Each structure stands twice: as C-alpha cells, then as structure tokens.
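Worksheet for the structure shown next.
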Amino acid sequence: MPGLALGAAVLLTAVVLVATAVALVVRALRPDPMTPYVAPLWWLGYDDGFVRRGLPGAVLRAVAGGPPSLALANAAGVGLTVAGIAALVVLAVALARRAPDRGTALAVAAAVLVTPLGVSHTARDLGRPDALGVLVAVLLVTLPWARLPPLLAVVLVVVLTSAAVGAEELLAVLVLPLAWLALRSAFPTARVPWPALAVLPGVALAVLSAVVPVPSAAILRARGDAAAAGVGPPEPLPRGPADHDAVSRLGHGLLDNLRAYDATTSVPSVLVTTALWAAVHLLLLGLVWRLLGPSRSDRTFRLLVVGSVAVALALSVVGIDYRRWWALATVGALCAAVLLTPRPPVERSAAVGRGTGVGLVALAAAGLLLRLMPVLPLEPVHLERLLQGLG
C-alpha cells in the first residue's frame, strides 16, 4: 500500500506539473498574459510621490525611461511568476534533502509541488507581486547566511525584504519573520542584534505603506499609462465596484474595499472557501512534518501551524483573495520548516506508512482538482468554470 500510494501521488504530481507548465507557456505567449485587473500595477510608480506597491512599476519606468511598453510589462510579469515557481521547486528540494531516505524525500517533494497552494496557484495568478514574496522567502531560508560577514548578511536581507515589502506591503508578514529567523539561526551567539537590525527597514516600509495615502494622481497616471500601452478594461463584476482593478482599489480605504466587495460574496461561500484552503494547508503541513520527522518537539509543529493559520486568517480580514492568503501562509510555514528541521536528520522518520500514503494521495488529488480554482471565494459560477476547465 505505501509504495502504491507513493507511486500514485508522484504520478498525479507529474500530471499537475505538466498541465501547469503547458498552461503557463500558452498563457505567456498570449499578447495579454496578465489579467486586466493585475496588469495596471506594473505602471504604478513614484512620479507623484510615494505610493505603496509602486516599486515594481518604478523599476520598469527607470528601465524604460518612462512608462513601460506592454511587452516589457508582460515580460516582467511572466518572468517574476517563473522565478516564483522556480523558487518553489528549490523549496521542495531543500525540504526533500532533509528526508532520511530517497522514498521519503520523493514524498516530501511531491507534496510541496502538487499542493494547489503552491506551483499551480503561482502560475494561475500570473504577474502578482506575491511571486516576489515567494522568491524572497525561499532565498531567505536557503542562502548560506552563516558564511557571510554579519553586516553583509544584514544588508542583503534588508535589500531582499525591502524589495518584497515595496512591491506589496502585505508580504511583510511573510518575509520579515523568516528574515529574523534566518539570521537568528545563522548568528545565534552574536552580541549585536543582527536579526532585529535586518527587519527594521522592512517594518518601517510596511508602516509607511499603511499610513501614507495613495496619491490620486498616481492612480490616474498608472491607469492612463496602462490603457495607452494596450491594457484593456477589467472584466466587470456582476455586482460590486466599477473601478475593478488592482490600482484603483489602492485609492480606497480598508472599510471602503470591504463594503465594495461585500456584494460579491456570501457568508456560505466565505466559510466553505476558508475551510477548503485551511484543510489543504493543514494536510500539507502535517504530511511534511510527519515525513521529515524532526528532532524538535511537537510543540514546534503546533507553533508553526498556529502561526501560519493566524497569518492566513488575518489576511483574510483585509482582502477576499483567500487562496492567495493561504498560499502565502503555506510558503511561510514550509520555509520555516527548512530552518527548523536539521539536515541530515538526527532521527529517522517513519517511512511512508498507510496513513501518510493516503494523505499524500488525497493531497495530490486536491492538487489536480483544485488547481484551477480562483483566488476569490467559491461561488456557483466558479464551480461551473472549474468543471468546464477540467472538461
């Protein structure tokens, strides 16, 4: 049974990865790979003063010497997504290397790669700054910080975390705890508080993003430049805000956004969606922890679970892209597991037993069935589109 379960899980993982790769290539070759909702973010910049999430667009404006072309923005969006996917592969390998044998390592890698909160989600949500957060998170836990002078390590961590937070302030909850944990692990006996010094700039940038209003001129400029470059209007919602794109929503406060989107969701859909992604999240973490068999106590695992679930639920309060929030929480928990799990293992973990094998197959099946799910709460129309996509 264990060998059969592992084989089935690996096969389903291969199917998901191939389907995701094909869909990503097909989409990347289109003239409009990014959705009209996400695309305008790449024309946001600092020409009208500081604006949260303006860093990627500001970089493109500097490269292009003005508003970027549609081709440049699409290349940046696709490139960032591919980098995020590559980082998830590196994360799977880093965790697999902490397994005691090849079979267990294969099971760990399959679990990380097949989950619908990983590779398939990143590919489907093409062009989002979330991929930069994933890339930075994986770099934070895989780079050999202990081999660098502490000051140099701090500078590099500040650059990485500032890039992520400057692209999307919500990524602070992903990258800053990992940065602190990584440097604490690298320099455990240092008298200078290097971890605190490394995360302070990211904290300051996140606070600045939260308190400084987005200039209306910056929003108008970004939308106008995006439209001039060829970005079409976003698909209208059946109910909800008319200015339905990622840049326009920056001009509204938290309560305004919640009121605007309240009409697009229902309480049952929110509860079902939250329960679904929470179940996938917990199943993945439980499998990875069981397979790696760390020498730390179960208390570490409980803290990891509680912390990651708290992050996902907190983000769910400020936005309705629930799949995104659970995906970020999943990446954060898996990255933390890299730092918390010794390599090579101090204790031999249990082999892929019957219960673990069944859980692995269940996760792989979820990865196949849920890979096309939207980031928004599940409504009947989403289920219809999912069935059409599977068909």
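Nothing in this text is a laboratory measurement; each read-out follows from the coordinates by a stated rule. Predicted, not measured: the structure shown is a model, and the values here were computed from it. Glycine also receives a Cβ, built like all others from the backbone with ideal geometry; neighbour counts cover every protein chain displayed.
Each residue of the stretch 130-135 was assigned a 3J(HN,Hα) from its phi angle through the Karplus curve 6.51 cos²θ - 1.76 cosθ + 1.60 (θ = phi - 60°); the sequence is 3, 4, 5, x, 4, 4 Hz, with glycine and proline shown as x. Close amide-amide hydrogen proximity is noted between ILE320 and no other residue 5 or more places distant or on a separate chain, at a cut-off under 5 Å (H modeled in the peptide plane; Pro and chain starts excluded).
Computed from Cα atoms, the angle from the helix 2-28 axis to the main principal axis of the chain rounds to 20 degrees. Computed from point charges on the beta carbon alone (+1 for Lys and Arg, -1 for Asp and Glu), the dipole magnitude for the chain about its Cα centre is near 1140 Debye.
With Kirkwood's inverse mean 1/r over C-alpha pairs for Rh, give me the Rg to Rh ratio of the stretch 81-153, two decimals please.
Values: Rg = 13.8 Å, Rh = 13.2 Å.
Taking Rg over the Kirkwood Rh, I get 1.05.
Taking amide H positions as modeled 1.01 Å from N, with prolines and chain starts lacking one, the residues under 5 Å from LEU378 and 5 or more places away or on another chain are THR273. Label point of ALA227 set 7 angstrom out along Cα-Cβ; within the stretch 21-57, amide nitrogens under 19 Å from it belong to 35-45, 48.
Using helices alone, what [θ] at 222 nm do you get for the chain, with -39,500 (n - 2.57) per DSSP H run of 4 or more residues, divided over all residues and rounded to the nearest 500?
Working: 16 runs with 263 residues, N = 391.
So the calculated ellipticity at 222 nm is -22500 deg cm²/dmol.
With only the Cα atoms considered, the chain has a convex hull volume of 139 Å³ per residue.
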